[in-house]
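First comes the structure, then the notes that go with it.
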Amino acid sequence: MHRSQIAWEMGGGLGHVGPLRAIAQELGRRGHDVCVTTQNTQLCDQALGGTAAEVVPCPRLPLADRRLRVPCTFADVLHDGGYASAERVVAAVGRWLRLLDELRPSRLLADYSPTAMLAARVRGVPTAVIGSGFVCPPDRSPLPCLHPVVREPHWAAGIEATVLATMNAALSTYGGRPLERVSQLYADAAWRDLLLGGAAQPAASGGGAGKRGGLGVGHAVATRSRDPGAAGGPWRSDAGGAGS
């Protein structure tokens, strides 16, 4: 029997769990043993009721100590989500590796799960990327700006370089093949299935997604300044710590 592991690491809400339920149901119908690894175990237990899917807690990556006022690219979001710290990501990948070794999936279906994908790259587990265009970036560097107003964030290149170095530090630690760019992690996946809804535009278009649940910035934030770094730099004043 095929064992399919669905990983949902980052993000929250029904925009993720709704499609995951449909995927889990279809895989179960095809005779797969399905396991969903997620931080949102309570929501998944409720949403996946009536399916044969097992719900297992996944490793948690702490948020960055210093975060951007307005994250504008996919790399910006990963940076704020914990990829500012190579040490933390190395530790998180190690926990994902132990989970993969325990579950022994024949394939990984990753919804907004870059750390799970790094572990799968190390172990050679075939991976499918699922989700909206916001969480399935186009294979290019630099990554496009997703913000509807801030078109050329001056900090983006440095942040993307930090995220790439963090990913490669984890891969090097565990013997995985290095990446040449952040988006290669997704381009090298065996499958990429975009789940397109009315509110999310494909990242491949380079257009602004305007997805409140993803970027975490609304119109009020966007219209205060066309350059969030123009006054006081790009960093949030309410996120303490030494930074990345």
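The values are calculated or read from the model by the stated rules, or taken from the named source; none is laboratory data. Since the model is a prediction, treat every value here as computed from it, not as a measurement. Virtual Cβ from ideal backbone geometry, glycine too; neighbours counted across all protein chains shown.
Mind checking which residues of segment 34-79 are among the charged types (D, E, K, R) and under 16 Å from residue 12 (Cβ atoms)?
If the condition is that a residue be among the charged types (D, E, K, R) and under 16 Å from residue 12 (Cβ atoms), then 45, 60 are the ones that fit.
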Inset, instruction - Starting from segment 137-166, keep only residues that are farther than 23 Å from residue 189 by Cβ, then list their pairs with residues that are part of a strand (DSSP E or B) and of a type in the set (A, V, I, L, M, F, W, C) whose Cβ atoms are within a distance under 8 Å, requiring at least 6 positions of separation or different chains. - result: 151/145; 152/145; 153/145; 155/68; 156/145
Inset, instruction - Could you tell me which residue of segment 117-156 is modelled with the lowest pLDDT, considering only residues that are of a type in the set (Ser, Thr, Tyr) and assigned to a loop (DSSP other than H, G, I, E, B)? - result: 132
Inset, instruction - All but one of (1) over 21 Å from residue 24 (Cβ atoms); (2) of a type outside the set (A, V, I, L, M, F, W, C); (3) touching a His at 6+ places or on another chain (Cβ under 6 Å) hold for residue 138, so report the exception by its number. - result: (3)
Inset, instruction - Could you tell me whether segment 5-25 includes any residue that is out of contact with any helix residue (DSSP H, G or I) (no Cβ under 7 Å at 6 or more places or on another chain), farther than 30 Å from residue 87 by Cα and either acidic (Asp, Glu) or in a strand (DSSP E or B) (or both)? - result: no
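Does residue 183 count as of a type in the set (Gly, Ala, Ser), modelled with pLDDT of 85 or more and out of contact with any strand residue (DSSP E or B) (no Cβ under 6 Å at 6 or more places or on another chain)?
So residue 183 fits the description; yes.
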Legend entry - Considering residues of segment 101-116 that are outside any loop (DSSP other than H, G, I, E, B) and in contact with a Cys (Cβ under 9 Å, 6 or more places away or on another chain) only, the residue surrounded by the most Cβ atoms within 10 Å (Cβ to Cβ): 116
